[in-house]
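The values are calculated or read from the model by the stated rules, or taken from the named source; none is laboratory data. On a predicted model such as this, the values are computed, not experimentally measured, just so you know. As a convention, Cβ positions derive from the backbone with ideal geometry for all residues, glycine included, and neighbour counts pool all protein chains shown.
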Amino acid sequence: MSDSQVIMKDETCSTANGKSGSMESTKQDAEVKPFTLKKWNIVAMWSWDVDCDTCAICRVQVMDACLRCQTENKQEECVVVWGECNHSFHNCCMSLWVKQNNRCPLCQQEWMVQRIGK
Amino acid sequence: MSTPARRRLMRDFRKLQEDPPAGVSGAPSENNIMIWNAVIFGPADTPFEDGTFKLMIEFTEEYPNKPPNVRFISKMFHPNVYADGGICLDILQNRWSPTYDVSAILTSIQSLLDEPNPNSPANSQAAQLYQENRREYEKKVAAICEQSWQNL
Ligand SMILES: [Zn+2]
Ligand SMILES: [Zn+2]
Ligand SMILES: [Zn+2]
């Protein structure tokens, strides 16, 4: 339940700035370089594919089973999880990610489950 | 054999074809979807303009929970690119997010070209020239841009 499992190869590595609408609001980013207007088109494109109906991790609609459950033929067991931040993912996709980093991959807030269901 | 990682990569590929970002392209290698070949065109109005740089991206079955390994195959002269082509970029290491896909990776690397971070040098000569002798830096960059054409 900590960041320690994430590969910390080089903490001082260069920072990608202005990539994602969701990244700019993180605490980490506050001390990083400001947004560059030049890349606005990228930001616009980014928000297109993380609309709220699609699981941003596996890119399947949250109402359908995730890629893992589709592969393992467990469609019935696949449920949706909503965080306190109101982002939703497949519970399967999210539970794998929080093992590495207990933050919402879209808004970087600490991940707290609000609700699990269909 | 179809696994979640492979299916995700098929989706990445479809998106890259349907909604191609400017100045980058990529596709899985013919017989292995886990290894991609990509090309980044140097952004206009930068010293990298007119360069055509080849990269190789290697994914594992843990994708997208783990970032892929990305490196330049074309010769590169950049403060944050190692001699073996490896790239020092936070989102490919400790700030990776499973919501990234191939187009996000490639567009991030493309913007790194003109926005190096000289404080974390992977190529100390490039970092030093970038800070102290911009003219000489741009000359070296122009040389690798030209080379990138010869090796296409
Ligand atoms: Zn999912
Ligand atoms: Zn599932
Ligand atoms: Zn969130």
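Output the residue which, of all residues in the range A:80-103 that are within 13 Å of ligand 3 (Cβ to nearest atom), within 24 Å of B:GLU61 (Cβ to Cβ) and not aliphatic (A, V, I, L, M), is farthest from the other protein chains (Cβ to nearest Cβ).
Taking the range A:80-103 as the starting set, the residues that turn out to be within 13 Å of ligand 3 (Cβ to nearest atom) are A:81-89, A:94, A:97-98, A:101-103.
So of that shortlist, the ones also within 24 Å of B:GLU61 (Cβ to Cβ) come out as A:81, A:89, A:94, A:97-98, A:101-103.
Next, from what is left, pick out any that are not aliphatic (A, V, I, L, M): A:89, A:97, A:101-103.
Working: A:PHE89: 9, A:TRP97: 5, A:ASN101: 8, A:ASN102: 13, A:ARG103: 9 Å.
So the residue we want is A:ASN102.
What number of residues within the range A:100-115 satisfy the criterion of being modelled with pLDDT under 95 and within 16 Å of ligand 2 (Cβ to nearest atom)?
So the answer is 0.
Going by the conditions given, is B:LEU129 of a type in the set (A, V, I, L, M, F, W, C) and free of Cβ contacts under 8 Å to residues at least 60 places away in the same chain? Before the answer, list the steps.
On the way: of a type in the set (A, V, I, L, M, F, W, C): yes; free of Cβ contacts under 8 Å to residues at least 60 places away in the same chain: yes.
Considered against the rule, which asks whether it is of a type in the set (A, V, I, L, M, F, W, C) and free of Cβ contacts under 8 Å to residues at least 60 places away in the same chain, B:LEU129 comes out as yes.
Quick one: B:VAL81 ticks every box in (1) crowded, with 18+ Cβ neighbours inside 10 Å; (2) within 12 Å of chain A (Cβ to nearest Cβ); (3) without any contact (Cβ under 8 Å) to a residue 24 or more places away in the chain bar one, so which box is it?
Of (1) crowded, with 18+ Cβ neighbours inside 10 Å; (2) within 12 Å of chain A (Cβ to nearest Cβ); (3) without any contact (Cβ under 8 Å) to a residue 24 or more places away in the chain, only one is false for B:VAL81: (3).
Run down B:THR46, B:THR60 and say which single residue is within 11 Å of chain A (Cβ to nearest Cβ) and not small (Gly, Ala, Ser). If you could, list the steps in order and put the result at the bottom.
Numbers: B:THR60 fails: within 11 Å of chain A (Cβ to nearest Cβ).
After applying the criteria, what remains is B:THR46.
B:ILE105 fails exactly one of the following numbered conditions: (1) more than 8 Å from every other protein chain (Cβ to nearest Cβ); (2) at pLDDT below 95; (3) closer than 30 Å to A:SER95 by Cα. What is the number of that condition?
(2)
For the range A:66-118, give me each residue that is among the aliphatic types (A, V, I, L, M) and surrounded by fewer than 21 Cβ atoms within 10 Å (Cβ to Cβ).
Start the filter on the range A:66-118 by keeping residues that are among the aliphatic types (A, V, I, L, M), which leaves A:67, A:79-81, A:94, A:96, A:98, A:106, A:112-113, A:116.
Once the filter is applied, which keeps residues that are among the aliphatic types (A, V, I, L, M) and surrounded by fewer than 21 Cβ atoms within 10 Å (Cβ to Cβ), the range A:66-118 yields A:VAL79, A:VAL80, A:LEU96, A:VAL98, A:MET112, A:VAL113, A:ILE116.
When only residues in the range B:32-56 that are among the β-branched types (Val, Ile, Thr) and in contact with a helix residue (DSSP H, G or I) (Cβ under 7 Å, 6 or more places away or on another chain) count, which is farthest from B:ARG135 (Cα to Cα)? Reasoning before the result, please.
Step one: list which residues in the range B:32-56 are among the β-branched types (Val, Ile, Thr), which gives B:33, B:35, B:39-40, B:46, B:52.
Now restrict to residues that are in contact with a helix residue (DSSP H, G or I) (Cβ under 7 Å, 6 or more places away or on another chain): B:33, B:40, B:46, B:52.
On the way: B:ILE33: 41, B:ILE40: 23, B:THR46: 13, B:THR52: 21 Å.
The selected residue is B:ILE33.
Quick check on this structure: which one of B:ASP101, B:ASP84 is of a type in the set (D, E, K, R) and farther than 16 Å from B:SER25 by Cα? Walk me through how you get there before you give the answer.
Details: B:ASP101 fails: farther than 16 Å from B:SER25 by Cα.
Going through B:ASP101, B:ASP84 in turn, the sole match is B:ASP84.
Considering only residues that are more than 14 Å from every other protein chain (Cβ to nearest Cβ) and either within 16 Å of ligand 1 (Cβ to nearest atom) or of a type in the set (Asp, Glu) (or both), which ones fall in the range A:104-114?
Here is the first cut: in the range A:104-114, the residues more than 14 Å from every other protein chain (Cβ to nearest Cβ) are A:110, A:112-114.
Within the range A:104-114, A:GLU110, A:VAL113 qualify.
Can you name the number of the only condition in (1) assigned to a loop (DSSP other than H, G, I, E, B); (2) in contact with a helix residue (DSSP H, G or I) (Cβ under 6 Å, 6 or more places away or on another chain); (3) within 16 Å of ligand 2 (Cβ to nearest atom) that A:VAL81 fails?
Only one criterion in (1) assigned to a loop (DSSP other than H, G, I, E, B); (2) in contact with a helix residue (DSSP H, G or I) (Cβ under 6 Å, 6 or more places away or on another chain); (3) within 16 Å of ligand 2 (Cβ to nearest atom) is unmet by A:VAL81, namely (1).
Could you tell me whether any residue of the range B:64-72 is of a type in the set (A, V, I, L, M), buried (at least 22 other Cβ atoms within 10 Å of the Cβ) and within 14 Å of another protein chain (Cβ to nearest Cβ)? Walk me through it before giving the result.
To start, the set of residues in the range B:64-72 that are of a type in the set (A, V, I, L, M) comprises B:70.
The next check asks that each one be buried (at least 22 other Cβ atoms within 10 Å of the Cβ); those that pass are B:70.
From what is left, the residues that are within 14 Å of another protein chain (Cβ to nearest Cβ) are B:70.
Yes - at least one qualifying residue is present in the range B:64-72.
So A:GLU77 fits all but one of (1) at pLDDT below 55; (2) more than 12 Å from chain B (Cβ to nearest Cβ); what number is the exception?
Among (1) at pLDDT below 55; (2) more than 12 Å from chain B (Cβ to nearest Cβ), the lone unmet condition for A:GLU77 is (1).
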